[in-house]
Amino acid sequence: MQRYWLFSGRFSGYSLQSFQKDLLSGVVVGVIAIPLGMAFAIASGVKPEYGIYTTIIAGFLISLFGGSKYQIGGPTGAFIPILFGIVMTYGYENLLIAGFFAGIILFLMGVFRLGSLIKFIPRPVTIGFTSGIAVIIFVGQIANFLGLTGVEKHETFYRNMKEIIMHIHTINLYSVLTAGICLGTVLFMPKFFPKIPSPLIGLVLSTVVASLFYPQQIATIGSTFGEISSALPQFKVPEMTFEHIQTLIGPAFVIAALGGIESLLSAVVADGMTNTKHNSNRELLGQGIANMITPLFGGIPATGAIARTATNIKNGAVSPLSGMIHGIVVLVILVLFSPYASSIPLASMAPILMVVAWNMSERHVFYHVLKTKTEDSFVLVVTFLLTVFVNLTIAVEVGLLLAVVLFTKRMSDMIVTAKALPNPNNKHEKVESQMVRDDHDCPQISIYNVEGPLFFGAAGEFEQSIMNRLNYKPRVLLLRLAKVPFMDTTGEAYLSRIVKDFSKHGVVMISGIRPQPKSMLKKTGLYGYIGKEHFFEHTGDAINFALQHLKRDKCLGCKHFAFRECTVLSGAHENVKEKERIVTTS
């Protein structure tokens with residue numbers, strides 16, 4: 001039975017030095033989170049202080065109750081189109097209710113251990129809607145960047161573009177100058193002062209210039225939304241009726257689904273940066289608790305923030321305490337300096353969000369999947385276009401449906417054509433004789449037999465089965481892929497991570513690869529990264545090559561080689577069987 005307790009394993013070996021690192025990272029991330037929280041709130045159609053409230057409360061609770069040691073929670077850019085649509089349709093009060101319902105849904109997802117379902121969302125779908133959201137955010141800030149007046153905001157992309165074109169003649173050069181100062185600071189300051197939060201410096205610098213040289217010439221937070229109060233958020237339970245449940249349960253599910261995906265993706269990124277493992281179900285519990293409590297204080301929905309989580313790690317965070325400190329830092333700044341925030345020009349906020357959109361666009365990954373020219377490319381483009389021109393809900397639904405249909409078709413085709421392939425288990429493979437000393441026992445070749453399609457539902461188990469069991473560092477990793485009939489871009493991504501991680505200290509070889517996976521590796525460039533000379537038709541040839549490689553490195557050879565079987569069948573992971581098999585050397 002899985003256990004859920006507050007500080008289990010997350011503060012083991014904690015020391016004063018650890019606290020100092022958490023304090024530093026918490027302060028840095030807290031300072032960065034202030035302009036982002038206000039900007040995300042404004043872009044979502046609500047007052048900027050609601051974004052600050054969310055940063056304080058949700059940021060603290062997600063770190064306290066979540067399943068990742070390094071997760072930083074709060075308002076994020078991914079939520080902007082969803083929350084803006086809800087505010088436009090139902091109003092701010094109903095947004096709070098929808099956020100509360102979303103928290104309940106997330107909590108129940110954690111209770112019923114649905115955190116692992118994230119692996120069944122294909123990579124082209126997540127990249128497609130993430131890139132689409134980035135485009136929406138970027139375009140949504142053009143009016144503020146240019147200082148356009150009379151522009152009405154709409155839910156749809158093309159109507160917002162129409163508004164910008166119709167009002168382009170109202171451009172304000174003072175706004176452009178202010179936005180340019182902030183943008184230049186955000187882009188170039190990290191090159192010279194990487195430890196200083198450039199968004200905050202850009203915001204302060206552009207605000208000071210605008211206030212000194214051309215006050216009253218551009219729109220500010222104060223002139224648009226009123227003064228930001230330094231008072232603490234007030235506790236208030238919104239009125240919830242059965243009618244509210246009927247009306248808002250749909251938006252609540254959308255918020256919960258997107259929040260769950262974003263938070264778990266952020267936790268996975270943190271795992272990759274720190275070589276740790278988060279608890280996905282506890283993360284959903286923490287997200288649920290935070291999203292149930294935050295609306296009671298006027299805050300908007302929150303989730304894990306990938307960029308702020310990465311910043312937290314880069315600044316030396318060692319425990320969830322850094323995330324809690326980040327929330328406290330924002331609270332202190334709200335109380336002490338909130339009156340000054342009213343003077344911030346909207347033109348200063350625009351480039352910050354534009355940079356956020358650019359960074360979250362996944363443009364390199366988008367091109368990586370697109371250039372494969374496979375069914376995954378089609379799913380990617382459809383999801384992206386529907387996100388931009390229709391809405392996120394339809395985009396994800398259609399993307400998932402397309403992925404399932406295309407995968408079913410490809411698997412059916414593979415089952416038919418697989419019968420025509422020669423038997424990969426060639427019993428006539430021979431290994432050349434090698435001299436082996438009986439007293440020398442150092443298995444330096446690890447061989448894995450992989451069976452079944454490497455697709456989005458099974459790729460995670462494939463990577464985990466290999467990396468978790470490489471508890472020593474062999475010199476050669478041999479992957480037998482003769483029984484892998486199909487590989488999609490998600491499977492290729494996980495294989496790429498294994499190859500690049502192992503290549504830091506050893507050599508990766510592949511035997512028996514079939515045409516479709518081989519074609520995928522060539523299209524993505526992984527084939528060239530591994531090297532043509534490291535692909536073999538038969539396992540025996542690969543072992544001979546490996547032995548020669550070890551011999552050239554002045555290794556005396558090995559008495560036996562570790563052999564592991566990793567079975568991946570249609571996304572259902574069977575228990576991994578591990579055994580050692582003697583390889584004849586005579």
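The values are calculated or read from the model by the stated rules, or taken from the named source; none is laboratory data. These numbers were taken from a predicted model, which means no experiment stands behind them. Cβ atoms come from the backbone with ideal geometry, glycine included; neighbour counts cover every protein chain shown. Each accessible area value is taken on the protein alone, full model and side chains, heavy atoms only, with ligands, DNA and RNA left out. Shrake-Rupley method; radii C 1.70, N 1.55, O 1.52, S 1.80 Å.
Details
- Search result, residues across the stretch 45-89 that are aliphatic (A, V, I, L, M) and either on the phi > 0 side of the Ramachandran plot or in a loop (DSSP other than H, G, I, E, B) (or both): Val46, Ile72
- Some residue of the stretch 155-176 being without any contact (Cβ under 8 Å) to a residue 12 or more places away in the chain and of a type in the set (Phe, Trp, Tyr): no
- Qualifying residue in the stretch 503-517 (condition: at pLDDT 85 or above, farther than 26 Å from Lys371 by Cα, in contact with a Leu (Cβ under 7 Å, 6 or more places away or on another chain) and not charged (D, E, K, R)): yes
Residues checked against (1) buried (at least 17 other Cβ atoms within 10 Å of the Cβ); (2) part of a helix (DSSP H, G or I); (3) of a type in the set (Gly, Ala, Ser):
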| residue | (1), (2), (3) |
| --- | --- |
| Glu461 | yes, yes, no |
| Ser465 | yes, yes, yes |
| Leu479 | yes, no, no |
| Ser496 | yes, yes, yes |
| Lys500 | no, yes, no |
| Gln516 | yes, yes, no |
| Gly540 | yes, yes, yes |
| Asn544 | yes, yes, no |
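- No other residue among Thr149, Thr156 is modelled with pLDDT under 95, among the polar types (S, T, N, Q), under 26 Å from Phe213 (Cα atoms) and surrounded by fewer than 20 Cβ atoms within 10 Å (Cβ to Cβ) apart from Thr149.
- Top-ranked residue of the stretch 540-550 - restricted to ones that are out of contact with any Asp or Glu (no Cβ under 6 Å at 6 or more places or on another chain) and not hydrophobic (A, V, I, L, M, F, W, C), ranked as modelled with the highest pLDDT: Asp541
- Listed conditions (1) within 15 Å of the chain's Cα centre (by Cα); (2) under 21 Å from His278 (Cβ atoms); (3) surrounded by fewer than 24 Cβ atoms within 10 Å (Cβ to Cβ) are all met by Thr76, apart from (3).
- Breaking point among (1) open to solvent by less than 30 Å² (accessible area, probe 1.4 Å); (2) among the β-branched types (Val, Ile, Thr); (3) more than 21 Å from Ile255 (Cα to Cα); (4) part of a helix (DSSP H, G or I), for Thr372: (4)
- If the condition is being under 16 Å from Gly37 (Cα atoms) and either open to solvent by 10 Å² or more (accessible area, probe 1.4 Å) or not aliphatic (A, V, I, L, M) (or both), then the stretch 326-338 contributes His326, Gly327, Ile328, Val329, Leu331, Val332, Ile333, Val335, Phe337, Ser338.
- Checklist (1) within 30 Å of Asn312 (Cβ to Cβ); (2) assigned to a helix (DSSP H, G or I); (3) open to solvent by 40 Å² or more (accessible area, probe 1.4 Å) applied to Asn144, failing item: (3)
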